[in-house]
Each structure stands twice: as structure tokens, then as C-alpha cells.
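Below: one structure, written as C-alpha cells.
The values are calculated or read from the model by the stated rules, or taken from the named source; none is laboratory data. The structure presented is a predicted model; accordingly, all values stated were derived computationally and were not measured. So basically every Cβ, Gly included, is an ideal-geometry build from the backbone, and we count neighbours across all protein chains shown. SASA here: full protein model, heavy atoms, side chains in, ligands and nucleic acids out. Shrake-Rupley method; radii C 1.70, N 1.55, O 1.52, S 1.80 Å.
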Amino acid sequence: MDSPEALAASVVIPVRNGGDLLRVQLDALASQQGAPPFEVVVSDNGSTDSTREIAESYRDRLDLRIVDSGDQPGVSHARNVGAGAVHSPLALFCDADDKVSAGWVAAMVAGLDEFDIVGGPLEFAELSEPDAAHLRYEPPANELPITMKFRPYANGGNLGIRASVMRRLGGFDTSFRGGHEEVDLAWRAQALGYTVGFAPDAIGHIRHRGSLRATMRQTFHYGRTYAQLFSRHRDQPIPRTPWRREVRTYGILLRQGVGAVRQRDLSGWLTTMSWTAGRLWGDVQYRVRAPL
């Protein structure tokens, strides 16, 4: 185990009932190539399965600690608690059911030499179930995604940040439940003059599930928190969507639905409609009209 002064980075993994999927991520971290000294902080968000025992079993392969974040459910709270426990100047975030690439830590650390926040590309084929391929939007592979045609952000499951910046921002906003907390973090950082950049070699292999029901539920919350994000940043110069264009978009979605019924392939359309329904629900909840 390295002394805190010798650590270059800390990998924070929020987890709740991660089970055996956590082994895949911990194996990937134990096999890092060219990485400077780093620690792993597993933030247990109230697991009732074997998550803690599995994490403990890696102490001989990783400089690993477990912190308890079970007092409040939610990935943002788990990340914040984990970030508050790091012993290094850099906090790197990945998810328990995903898998980082062999050079991920080294690429993240290199990226944070230049930027205050960094994110890497997301790859979906390796871990995802075959039926999930057409159910989810995939961000660009060679640059950071941009939401609302406004500012870039790093995905929360493949994100690095300087610990000092994390403290100044107050961490992730835990009121975002179901998505867009990382966008809010990146936008708040940029509003304060911090930089957000792309680390092309910090690849995160992301696991998509094949369950249509679960995907629809998840995308509904993405749509709802999209509206929440706009409500928090509505004073910024975010491009608005004209009413006529929005109405035309709904008409296009309905026609696509008719085509999906005829082709007997509704999964992709239902996922899109779940996001749309979530956004409309969020518009009502937060009293906004979020742009498309």
C-alpha cells in the first residue's frame, strides 16, 4: 500500500448490490498498465449482497478501501462520499458494473495534467447484452458529448476531476435522481472557469441490459432530469426550440410509431417515447419548456 503522499490518483466506485459484476471492474483495475500509484475507494451505498466481501477479497491486489455511503441512497451521494475519502489530488470515477480499459488510469491522469475535468470514450459492444444494441443512444467516440447544444460534459461512469475542483463545486448535486448530475457538475465547473476535456485513451466499456422495460424506465428518468438540468441553468444562453419545430417533432414521432407497429419492432421507438414522456413530465414538474 502506497503512502497517501505517493498516490497520484484515487478511483472511486459507487456500488449498491454490485455482486459478481464488481469483480469485472476490480479485475480491470488490478490489471492496469503504465499507471502511476493509485488507490481504489469502493463507496458502498447500502449493499445487502456480497458486494463488501467481494471488494475485500481484492485487498491483496489493489490499494483498496471501502467507505459507507448507505445513509442516503443514490449514485451521486455515493460518489460524493467516495470523493470525500480520497487520499490523492485526483478523483477518477467508474461504475461497478462496467469495465475500464487497461490504460484507463494512466490516460485519466495524463488528461488531468491539462484539464480540470476529463472524460473518455464509451464502448458498448464488449459487455452489453445482444438485445440492447438498438435500445440506447451512444455518444460520439472521438469527443465529449454536448447536451442542449450548449456545453460538453464527461459521463459519470468515465470521469476524472481534480479533487480541489470537486470540493469547490460541492460535488454532484444529489437532487438529480436518474441522470444528468454529471452534466450539471461539468456546467457548473465551466461557469467558474474550469476546463473540461477529452481523454481519448481512457476507454470505458459500458454494460447495457437487454430488458426493454428497464431501458424505458431509465430513459424516462433521463428525460425528466434533462428538464431538471434546464431548470437549473435556464439563465444560460442555451438555444431554445421554437414551438413549431417541437410540434413537428411530435408529429414525426407519431408517424415513426406507426411504422414501428407495421414492422413489428417497437423497442427503439418505445425507448425514444419514454425519454420524451420523461422530458414532458419534467417540464411540468420544473415549470419549464426544455429544448429538444
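Candidates 263, 38, 62 compared by Cα position along the dipole of the chain: farthest toward the positive end lies 263, with charges placed on Cβ. When the square roots of the Cα gyration tensor eigenvalues are ordered a ≥ b ≥ c, the ratio a/c for the stretch 97-228 is 1.5 or more and a/b does not exceed b/c, which makes its shape oblate.
What's the whole-number percent of alpha carbon pairs in the stretch 38-111 lying beyond 17 angstrom?
47
Exposed loop sites here mean GluC sites (Glu not before Pro) with a DSSP loop assignment and at most 13 other beta-carbon atoms within 10 Å; the chain contains its longest site-free run at 144-292. Taking only the Cα atoms of the stretch 243-292, the ratio Rg/Rh comes out at 1.04, with Rh defined as the Kirkwood radius. Filter the chymotrypsin sites (Phe, Trp or Tyr not before Pro) in the stretch 89-178 to those in DSSP coil with at most 11 other Cβ atoms within 10 Å of their Cβ, and list the result. For chymotrypsin sites (Phe, Trp or Tyr not before Pro) across the stretch 89-178 that sit outside H, G, I, E and B with at most 11 neighbouring Cβ atoms in 10 Å, the list reads 137. Taken as Cα centroids, the stretch 77-115 and the stretch 241-292 sit 35 Å apart, rounded to the nearest whole angstrom. Between the stretch 1-75 and the stretch 172-218, what is the C-alpha centre distance in whole Å? So the two Cα centres are separated by 20 Å.
Extending 7 Å from Cα along the Cβ direction at residue 234 and again at residue 188 yields two label points whose distance is 1.9 nm.
With the convex hull drawn around the C-alpha atoms of the stretch 158-214, the volume per residue stands at 108 Å³. Over the chain, accessible surface divided per residue gives 47 Å², non-protein components excluded, 1.4 Å probe.
Comparing 110, 81, 242 along the charge dipole axis of the chain, the residue lying farthest to the positive side is 242, per the Cβ-charge model. Rg over Rh for the stretch 172-290 works out to 1.02, using Cα positions for both radii and the Kirkwood form for Rh. Accessible surface of residue 61, taken over heavy atoms with a 1.4 Å probe and every protein chain present, rounds to 120 Å².
For the stretch 1-131, give the percent of accessible area contributed by carbon and sulfur heavy atoms, probe 1.4 Å, rounded to a whole number. Don't skip to the answer; put the middle values down first.
Numbers: 2550 of 5240 Å².
The C+S portion of the solvent-accessible surface of the stretch 1-131 is 49 percent.
For the stretch 152-292, the dipole from Cβ point charges (+1 on Lys and Arg, -1 on Asp and Glu) about the Cα centre works out to 440 debye, to the nearest 20.
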